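Undergrad: Starting off with a structure, shown below.
The values are calculated or read from the model by the stated rules, or taken from the named source; none is laboratory data. Quick caveat: nothing in here was measured; it's all calculated off a predicted structure. When we count neighbours, we look across all protein chains shown, and the Cβ atoms used for this are built from the backbone with ideal geometry, even at glycine.
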Amino acid sequence: MKAAPDYLNPGVQPGLKRITMPIVEATPETLSGYGVIVNDPDNFEIEIVRWPPQGKRPVDPDSGNEGGVTDGLFISEWKGDILYGRNSAVGGHYILGYATEPAEADEHHFRPPKNLLLWHANYHPDGGQLFFPQEQLPFVVPLALPGDDVTPEDFICFCFTGMEGLYIHPNVWHEGVFAVSGKQCFLDKQGAVHARVSVDFAREFNCLLDVSLEQLKSS
């Protein structure tokens, strides 16, 4: 059985090529198929996917989707060259990305990041996920449409003003929400089962996904 990723010690090898993600403004039109803009997180319903049948007999229609929703805070925080994420809804703590070559990343400075290098992404087959910012600050979310044959070139980096939130449909590839600099907090709501399917760009494709944060700040 394949081991789960070590999110706090991913061991990214040096010298990987970088695949530049296109940057797209998040709108209802550009997010079609990926998710939707959220203005009222309190009254937004999270999709829960019914447990799949194991054979030809269907799952009873009054069962298989009763795991419910969990919620908490998702914190995205830059410490020097490393972007950390904490998800209290599911007890997760991760290295989301880097501002420079991972082997050279230094937590002990306060220079704003110029780039975001992404080593991993995942999707949730059991339900959708909602992120709503607690501060009106810009943030970015890399996304790719469903499909286990995903490639690095499938990912688009959506940029948000911080005035609204994002709901991600089940099976859509993502890796949380990313602060452009500093620390940001988001309300997180998601399926409580929290099944996770991963892609490791560093090991599977010998690359990192790259987005220019300087380009975002200047636009």
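Undergrad: Give the residue that is nearest to HIS120 (Cα to Cα), with candidates limited to residues of segment 196-219 that are of a type in the set (A, V, I, L, M) and either modelled with pLDDT of 95 or more or in contact with a His (Cβ under 6 Å, 6 or more places away or on another chain) (or both).
TA: VAL199
Undergrad: Being in a loop (DSSP other than H, G, I, E, B), of a type outside the set (Val, Ile, Thr) and in contact with an Asp or Glu (Cβ under 7 Å, 6 or more places away or on another chain) narrows it down to one residue among PRO14, PRO10; which is it?
TA: PRO14
Undergrad: Also, quick follow-up: Count, please, the residues in segment 152-181 that happen to be farther than 26 Å from ARG18 by Cβ, outside any strand (DSSP E or B) and in contact with a Pro (Cβ under 7 Å, 6 or more places away or on another chain).
TA: So the answer is 4.
Undergrad: When you look at GLU101, is it surrounded by fewer than 16 Cβ atoms within 10 Å (Cβ to Cβ), in contact with a Gly (Cβ under 7 Å, 6 or more places away or on another chain) and touching a residue at least 24 places away in the same chain (Cβ under 8 Å), yes or no?
TA: Spelling it out, it is not the case that GLU101 is surrounded by fewer than 16 Cβ atoms within 10 Å (Cβ to Cβ), in contact with a Gly (Cβ under 7 Å, 6 or more places away or on another chain) and touching a residue at least 24 places away in the same chain (Cβ under 8 Å).
Undergrad: Where residues in segment 11-28 are more than 15 Å from LEU209 (Cα to Cα) and over 16 Å from the mean Cα position of the chain (by Cα), which of them is modelled with the lowest pLDDT?
TA: Once the filter is applied, the top-ranked residue is GLY11.
Undergrad: Okay, next question. In segment 113-143, which residues are assigned to a loop (DSSP other than H, G, I, E, B) and out of contact with any Asp or Glu (no Cβ under 9 Å at 6 or more places or on another chain)?
TA: HIS124, PRO125, ASP126, GLN134, GLU135, GLN136, LEU137, PRO138, listed by residue number.
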